[in-house]
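The values are calculated or read from the model by the stated rules, or taken from the named source; none is laboratory data. None of these values were measured; they are calculated from a predicted model. When we count neighbours, we look across all protein chains shown, and the Cβ atoms used for this are built from the backbone with ideal geometry, even at glycine.
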């Protein structure tokens, strides 16, 4: 089950990927985080960043860690997100990312990945 709606995908010549997405209020992430004040948890944001990195790499990766992550803004149901992921120039296991809502940074950091069997 896909818990978010993918609106568009753009990949630049430099392999930067930009996903436009929305997470509806029916998403299971909102049911427990937090009742009456739904916010999209950081782990869900990282999963969307991983999905973007997988599109660039053709799958076959999993999260090995995160670096310099900052959550700056709460993400609410039905907000349109722009997820920008760029492969690091020298380190193919690092993907700097930025998630914005209406041009405002919601989170940013570096996703570190490793090869996966599945």
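Would you be able to tell me the number of residues in the stretch 1-23 that are assigned to a loop (DSSP other than H, G, I, E, B) and touching a helix residue (DSSP H, G or I) at 6+ places or on another chain (Cβ under 8 Å)?
The number of residues fulfilling the criteria is 4.
How many residues does the stretch 79-92 contain that are exposed (fewer than 15 other Cβ atoms within 10 Å of the Cβ) and farther than 20 Å from residue 5 by Cβ? Give the steps one after another, and end with the answer.
Our first condition is that a residue be exposed (fewer than 15 other Cβ atoms within 10 Å of the Cβ); within the stretch 79-92, this holds for 80, 88-92.
Filter once more, so that each one left must be farther than 20 Å from residue 5 by Cβ: 88-92.
Going through the stretch 79-92 one residue at a time, the tally reaches 5.
Hey, residue 76 hits all of (1) modelled with pLDDT of 95 or more; (2) outside any strand (DSSP E or B); (3) touching a strand residue (DSSP E or B) at 6+ places or on another chain (Cβ under 7 Å); (4) surrounded by fewer than 16 Cβ atoms within 10 Å (Cβ to Cβ) but one; which does it fall short on?
Failing condition for residue 76: (3).
Residue 68 fails exactly one of the following numbered conditions: (1) free of Cβ contacts under 8 Å to residues at least 24 places away in the same chain; (2) on the phi > 0 side of the Ramachandran plot. What is the number of that condition?
Among (1) free of Cβ contacts under 8 Å to residues at least 24 places away in the same chain; (2) on the phi > 0 side of the Ramachandran plot, the lone unmet condition for residue 68 is (1).
Is it fair to say residue 97 is under 15 Å from residue 16 (Cα atoms) and either surrounded by 15 or more Cβ atoms within 10 Å (Cβ to Cβ) or in contact with a helix residue (DSSP H, G or I) (Cβ under 8 Å, 6 or more places away or on another chain) (or both)? Walk me through it before giving the result.
Working: under 15 Å from residue 16 (Cα atoms): yes; either surrounded by 15 or more Cβ atoms within 10 Å (Cβ to Cβ) or in contact with a helix residue (DSSP H, G or I) (Cβ under 8 Å, 6 or more places away or on another chain) (or both): yes.
So residue 97 passes the test.
With respect to residue 59, is the statement that it is closer than 19 Å to residue 9 by Cβ, part of a loop (DSSP other than H, G, I, E, B) and out of contact with any strand residue (DSSP E or B) (no Cβ under 7 Å at 6 or more places or on another chain) true? Give the steps one after another, and end with the answer.
Details: closer than 19 Å to residue 9 by Cβ: yes; part of a loop (DSSP other than H, G, I, E, B): yes; out of contact with any strand residue (DSSP E or B) (no Cβ under 7 Å at 6 or more places or on another chain): yes.
When the stated conditions are applied, residue 59 passes them.
Before we move on, is residue 55 within 15 Å of the chain's Cα centre (by Cα) and modelled with pLDDT of 95 or more?
The answer is no for residue 55.
Taking interchain pairs and intrachain pairs at least six residues apart, which have beta carbon atoms under 8 angstrom, with the first residue in the stretch 88-103 and at positive phi and the second assigned to a loop (DSSP other than H, G, I, E, B)?
What qualifies is 102/79.
Against the condition at negative phi, in a helix (DSSP H, G or I) and in contact with a strand residue (DSSP E or B) (Cβ under 9 Å, 6 or more places away or on another chain), how does residue 46 come out, does it pass?
yes
Here's the yes/no breakdown for (1) over 28 Å from residue 115 (Cβ atoms); (2) surrounded by 11 or more Cβ atoms within 10 Å (Cβ to Cβ):
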position	(1), (2)
11	no, yes
17	no, yes
22	yes, yes
36	yes, no
42	no, yes
58	no, no
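Which ones in the stretch 79-93 are touching a strand residue (DSSP E or B) at 6+ places or on another chain (Cβ under 9 Å), modelled with pLDDT under 95 and over 13 Å from residue 15 (Cα atoms)?
Within the stretch 79-93, 91, 93 qualify.
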